[in-house]
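Enquirer: Once you've had a glance at the structure underneath, I'll fire off some questions.
The values are calculated or read from the model by the stated rules, or taken from the named source; none is laboratory data. This one's a predicted model, so the numbers in the text were calculated from it and none came from an experiment. Virtual Cβ from ideal backbone geometry, glycine too; neighbours counted across all protein chains shown.
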Amino acid sequence: MTTRRGFIKSGALALFAASLGGIPNFLAQAASSSKLLLPYKKNKILVCIFQRGAMDGLMAVTPFTDVHLQRARPSLFMTAAKTSANPLLDLDGRFGLHPAMRAFEPLFREKRLAIVHGVGSPNPTRSHFDAQDYMEAGTPFHKGTASGWLNRAVGLLGHEAATPFQAVSLTSSLPRSFYGDNAAVAINNLQDFAIQMRGNPNAANVASRNFEDLYDQTSSSLLNKTGKESFEALKILQKADTKNYIPANKAVYPNSPLGNSLKQIAQLVKMEVGLEVAFAESGGWDTHYNQGTAQGTFARNVNDLSQSITAFWTDLDAYQDDLDVMTMTEFGRTVHQNGSNGTDHGRGSCLFILGNDVNGGLVHGNVPPLAVENLEDGRDLPVTTDFRSVFSEVAGKHLNLQNDKVLFPDWTGPKIGVMRHR
């Protein structure tokens with residue numbers, strides 16, 4: 001028989017969202033039966049975006065002075081020269097931002113946006129599935145790790161989950177990053193979730209007392225508190241008009257999976273339901289064919305990424321001091337273009353970190369001259385920064401996590417200075 005303690009500790013709160021087909025009737029009934037309490041206090045919030053498919057970091061942030069790259073990509077190389085029809089956005093005289101990512105340029109100039117280049121996994125696999133699994137587990141040489149690094153981060157926050165919305169993924173199923181003992185929620189669509197909370201009129205096999213009454217009678221003050229706060233969070237969502245949400249400051253989200261996910265995360269932030277770690281995905285980065293330059297598949301993807309994140313940041317101006325956004329991708333692309341005007345699976349890529357506590361306005365990391373002798377396996381941008389050195393610094397500084405050995409077992413590498421130290 002499942003105890004009330006087991007219900008909480010096993011992460012069973014996540015059953016709210018693993019499938020929208022089954023909000024338990026007794027939960028919906030309990031949530032609709034009580035009045036709404038005040039919102040939760042503001043928390044520090046980390047939002048992670050996984051770019052699935054392996055982004056070409058050399059096209060997103062190009063070392064445009066590198067003649068070796070120019071020779072390796074005769075039809076894909078882009079320049080920052082003003083004589084070009086669509087020049088790269090010159091960041092520092094060496095690196096140029098893809099012109100479709102123009103939305104990021106002001107954030108970089110304001111030193112809120114940092115870039116880390118040559119970042120990736122020390123494991124040389126070029127399998128999408130394996131590389132994503134290793135990165136999300138945070139253990140690049142141990143495939144069987146039961147937990148994900150973001151789930152361990154939740155466990156290091158130093159307090160029990162007082163709400164089912166402490167760790168939320170805006171995805172159809174729980175990502176590998178959130179696997180583990182700490183409660184996490186996957187919600188594909190807030191509107192559908194709220195509708196189901198208002199629905200479920202049938203209450204078969206439900207006791208006459210609502211679920212909160214059961215918690216009132218428990219002898220555990222912790223369980224009493226957890227149960228009640230969970231329902232308060234559910235009631236906030238239940239009463240929210242998610243369909244007609246109007247972003248602040250005229251922020252315009254792209255009508256894309258990522259744009260819609262970040263818009264919904266923004267709603268959860270503003271509802272103040274106890275969100276601390278959020279996750280979203282961006283797909284379509286596997287550019288083997290017809291990658292394009294200023295236009296094309298890659299340009300559309302980076303435009304969506306930058307526009308979605310910038311809209312999210314603009315929408316949440318009142319929360320920016322408490323907010324960090326970090327992207328990640330499983331690996332990069334080959335230095336040389338292939339015969340299909342695309343790029344194949346490579347090694348190092350780049351990532352973006354946005355926040356007021358970020359050491360922004362800089363391209364961090366090390367990208368050597370892309371001569372063949374400097375390439376990994378003679379073909380790839382080498383991984384000069386282990387992803388764990390970035391993830392641990394961002395999460396540790398922003399969320400005040402104190403134990404790198406728990407967050408990333410078997411790793412003892414250095415931090416690289418992507419966060420400000422006050």
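Enquirer: Residue under question is His364, and the condition is that it be closer than 16 Å to Thr62 by Cα and either of a type in the set (D, E, K, R) or at pLDDT 95 or above (or both); does it hold?
Expert: Details: closer than 16 Å to Thr62 by Cα: yes; either of a type in the set (D, E, K, R) or at pLDDT 95 or above (or both): yes.
Answer is yes for this residue.
Enquirer: Sort through Asp181, Asp216 and tell me the only one that's of a type outside the set (Lys, Arg), at pLDDT 90 or above and surrounded by fewer than 18 Cβ atoms within 10 Å (Cβ to Cβ). Even if it seems obvious, please write down each step before you answer.
Expert: Working: Asp216 fails: at pLDDT 90 or above.
Answer to the selection: Asp181.
Enquirer: Restrict the check to the range 94-102 and report whether at least one residue is closer than 24 Å to Glu393 by Cβ and in a loop (DSSP other than H, G, I, E, B).
Expert: Filtering the range 94-102 for residues closer than 24 Å to Glu393 by Cβ gives 94-95, 97, 101.
This time we only want the ones that are in a loop (DSSP other than H, G, I, E, B), so: 94.
Yes, the conditions are met somewhere in the range 94-102.
Enquirer: Give the residues of the range 253-279 that are outside any helix (DSSP H, G or I) and either under 16 Å from Lys44 (Cβ atoms) or within 16 Å of the chain's Cα centre (by Cα) (or both), sorted by residue number. Spell out the reasoning first.
Expert: Step one: of the range 253-279, the residues outside any helix (DSSP H, G or I) are 253-256, 272-279.
Answer for the range 253-279, where residues must be outside any helix (DSSP H, G or I) and either under 16 Å from Lys44 (Cβ atoms) or within 16 Å of the chain's Cα centre (by Cα) (or both): Ser256, Glu272, Val273, Gly274, Leu275, Glu276, Val277, Ala278, Phe279.
Enquirer: Right, next: Determine whether the range 98-109 contains at least one residue that is out of contact with any strand residue (DSSP E or B) (no Cβ under 9 Å at 6 or more places or on another chain) and within 19 Å of Ser349 (Cα to Cα).
Expert: Yes, because at least one residue in the range 98-109 is out of contact with any strand residue (DSSP E or B) (no Cβ under 9 Å at 6 or more places or on another chain) and within 19 Å of Ser349 (Cα to Cα).
Enquirer: Condition check: in a loop (DSSP other than H, G, I, E, B), modelled with pLDDT of 95 or more and of a type in the set (Asp, Glu). Does Asp286 satisfy that? Break it down stepwise before answering.
Expert: Details: in a loop (DSSP other than H, G, I, E, B): yes; modelled with pLDDT of 95 or more: yes; of a type in the set (Asp, Glu): yes.
Criteria met by Asp286.
Enquirer: Looking at Phe279, Phe298, which is the one that is buried (at least 22 other Cβ atoms within 10 Å of the Cβ), under 12 Å from Asp56 (Cβ atoms), of a type in the set (Phe, Trp, Tyr) and in contact with a Ser or Thr (Cβ under 6 Å, 6 or more places away or on another chain)?
Expert: The conditions single out Phe298.
Enquirer: Looking for whichever is buried (at least 22 other Cβ atoms within 10 Å of the Cβ) and at negative phi here; the options are Glu160, Glu136. Which one fits?
Expert: Details: Glu160 fails: buried (at least 22 other Cβ atoms within 10 Å of the Cβ).
Being buried (at least 22 other Cβ atoms within 10 Å of the Cβ) and at negative phi holds for just one of Glu160, Glu136, which is Glu136.
Enquirer: Take Ser349 and tell me if it is touching a Phe, Trp or Tyr at 6+ places or on another chain (Cβ under 9 Å) and crowded, with 22+ Cβ neighbours inside 10 Å.
Expert: Numbers: touching a Phe, Trp or Tyr at 6+ places or on another chain (Cβ under 9 Å): yes; crowded, with 22+ Cβ neighbours inside 10 Å: yes.
Yes.
Enquirer: Also, quick follow-up: Of the conditions (1) touching a Phe, Trp or Tyr at 6+ places or on another chain (Cβ under 6 Å); (2) buried (at least 21 other Cβ atoms within 10 Å of the Cβ), Ser340 fails just one. Which one is it?
Expert: (2)
Enquirer: At pLDDT 90 or above, of a type outside the set (Ser, Thr, Tyr) and part of a loop (DSSP other than H, G, I, E, B): is that true of Asn188 in this structure? So that I can check it myself, show each step before the final result.
Expert: Working: at pLDDT 90 or above: no; of a type outside the set (Ser, Thr, Tyr): yes; part of a loop (DSSP other than H, G, I, E, B): yes.
Spelling it out, it is not the case that Asn188 is at pLDDT 90 or above, of a type outside the set (Ser, Thr, Tyr) and part of a loop (DSSP other than H, G, I, E, B).
Enquirer: Is it true that some residue in the range 239-250 is among the aliphatic types (A, V, I, L, M), at negative phi and free of Cβ contacts under 8 Å to residues at least 40 places away in the same chain? Steps first, please.
Expert: Residues of the range 239-250 among the aliphatic types (A, V, I, L, M): 240, 246, 248.
This time we only want the ones that are at negative phi, so: 240, 246, 248.
Adding the requirement that they be free of Cβ contacts under 8 Å to residues at least 40 places away in the same chain leaves 246.
Yes, some residue in the range 239-250 is among the aliphatic types (A, V, I, L, M), at negative phi and free of Cβ contacts under 8 Å to residues at least 40 places away in the same chain.
Enquirer: If you check Thr310 against the conditions, is it modelled with pLDDT of 95 or more, among the hydroxyl-bearing types (Ser, Thr, Tyr) and closer than 30 Å to Gly339 by Cβ? Show your work before the answer.
Expert: Numbers: modelled with pLDDT of 95 or more: yes; among the hydroxyl-bearing types (Ser, Thr, Tyr): yes; closer than 30 Å to Gly339 by Cβ: no.
Taking the combined requirement at face value, the residue does not satisfy it.
Every residue, every condition in (1) touching a residue at least 60 places away in the same chain (Cβ under 8 Å); (2) surrounded by 17 or more Cβ atoms within 10 Å (Cβ to Cβ); (3) assigned to a loop (DSSP other than H, G, I, E, B), yes or no:
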| position | (1), (2), (3) |
| --- | --- |
| Pro106 | no, no, no |
| Pro122 | yes, no, yes |
| Ala153 | yes, yes, no |
| Pro164 | yes, yes, yes |
| Ser172 | no, no, yes |
